[in-house]
Every structure is written in structure tokens, then in C-alpha cells.
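Student: My questions will all concern the structure given below.
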Ligand SMILES: CC(C)(COP(=O)(O)OP(=O)(O)OC[C@H]1O[C@@H](n2cnc3c(N)ncnc32)[C@H](O)[C@@H]1OP(=O)(O)O)[C@@H](O)C(=O)NCCC(=O)NCCS
């Protein structure tokens, strides 16, 4: 396995993807972009009209890689919605984060 993405349904019309990750050796070859497209296509097939994603941002400030990540999502037509404190995290694993983080929530309308 060289990459993964996890898609969940938030409602019958809204999907969310997370855990998008590509092994460093394979980054920059388009795999991440293909996985985002596959996640969107899967959600559309289930009748979803919106895709949502969270980006973990250190409370201490954005790092260059997070800025790069947000620019990439912008190029993929995701737009910033709002920030949520970590207390809103639905993942129990959030307590294992190395540093305090916020969730930067982004969304995209899924066109037919
Ligand atoms: C973000 C990630 C999934 C991209 O995968 P990828 O296969 O390299 O993506 P692609 O080859 O399709 O696209 C590369 C794009 O990723 C962008 N990118 C964003 N963050 C990056 C990072 N940390 N490292 C490398 N490229 C990154 C590049 O700017 C590039 O943009 P461009 O092609 O428009 O110039 C991959 O870098 C990764 O696994 N990062 C670590 C985990 C992570 O941050 N996941 C997202 C959580 S919200």
C-alpha cells in the first residue's frame, strides 16, 4: 500500500474525507490528487452534494507545509469554512497529538 484516504458520510448529502496520506517516496506524482478525485466520485455516487475535510493546524501557528497543503486544496476547489477548537474533535486519538491544534474546516460543492 502506498496511499490511503478514508471517506465517511456525515449525512445523506454530505461526505467527509480524512486520513489522506501518500508515502513520502511517492509524493508529487499525482497519487494524492487521484485519491481526492476518487473520494469525491465515491461520495457523488452515494448522492452527496458536498465534501468536507479538516486540516489540523497547530495553535502556535501555521507551518509552511500546512500553508502548502491549504494552497493545494484551494487549487482542488476547496474553500475555507471555519476553524474549530480541538474539543470538537470526534476522534478519540486527538488527545495523542504532539501539540495543541485547531481544525481548519474546508468544503467543496460536488458537481454532477
Ligand atoms: C498532501 C498529500 C496527500 C499530497 O499527495 P501527493 O501524491 O504528493 O499529491 P499530488 O502529487 O497529487 O499533488 C502534489 C501537490 O501536493 C501539494 N502538497 C501539499 N502538501 C504537501 C506536502 N506536505 N508534501 C508534498 N506536497 C504537498 C504540492 O504543493 C503539490 O501541489 P501541485 O501539484 O498543485 O503543485 C501528501 O503530500 C501527504 O501524504 N502529505 C502528508 C499527510 C497530509 O498532510 N495529508 C493531508 C491531511 S489533510
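The values are calculated or read from the model by the stated rules, or taken from the named source; none is laboratory data. Values in this document were obtained by computation on a predicted structure and should not be read as measured data. Quick reminder, even Gly has a Cβ in these numbers, built from the backbone with ideal geometry, and neighbours come from all protein chains shown.
Student: Those residues that are assigned to a strand (DSSP E or B) and surrounded by fewer than 11 Cβ atoms within 10 Å (Cβ to Cβ), I need them from segment 1-11; list them, please.
Tutor: Result: no residue meets the conditions.
Student: Another question, if that's okay. Run residue 108 past the list (1) surrounded by 11 or more Cβ atoms within 10 Å (Cβ to Cβ); (2) in a strand (DSSP E or B); (3) free of Cβ contacts under 8 Å to residues at least 60 places away in the same chain and report the number of the one that doesn't hold.
Tutor: Failed condition: (3).
Student: Out of 67, 59, which single residue is more than 10 Å from the ligand (Cβ to nearest atom) and either surrounded by fewer than 17 Cβ atoms within 10 Å (Cβ to Cβ) or in contact (Cβ under 8 Å) with a residue 24 or more places away in the chain (or both)? Lay out the reasoning, then the answer.
Tutor: Numbers: 67 fails: more than 10 Å from the ligand (Cβ to nearest atom).
Unique residue meeting the criteria: 59.
Student: Please enumerate the residues belonging to segment 12-70 that are part of a loop (DSSP other than H, G, I, E, B), in contact with a strand residue (DSSP E or B) (Cβ under 8 Å, 6 or more places away or on another chain) and within 24 Å of residue 97 (Cα to Cα).
Tutor: Answer for segment 12-70, where residues must be part of a loop (DSSP other than H, G, I, E, B), in contact with a strand residue (DSSP E or B) (Cβ under 8 Å, 6 or more places away or on another chain) and within 24 Å of residue 97 (Cα to Cα): 23, 59.
Every residue, every condition in (1) farther than 17 Å from residue 106 by Cβ; (2) surrounded by 13 or more Cβ atoms within 10 Å (Cβ to Cβ); (3) at pLDDT 95 or above; (4) under 13 Å from the mean Cα position of the chain (by Cα), yes or no:
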site	(1), (2), (3), (4)
34	yes, yes, yes, no
41	yes, no, yes, no
45	yes, no, yes, no
55	no, yes, no, yes
74	no, no, yes, yes
88	no, no, no, no
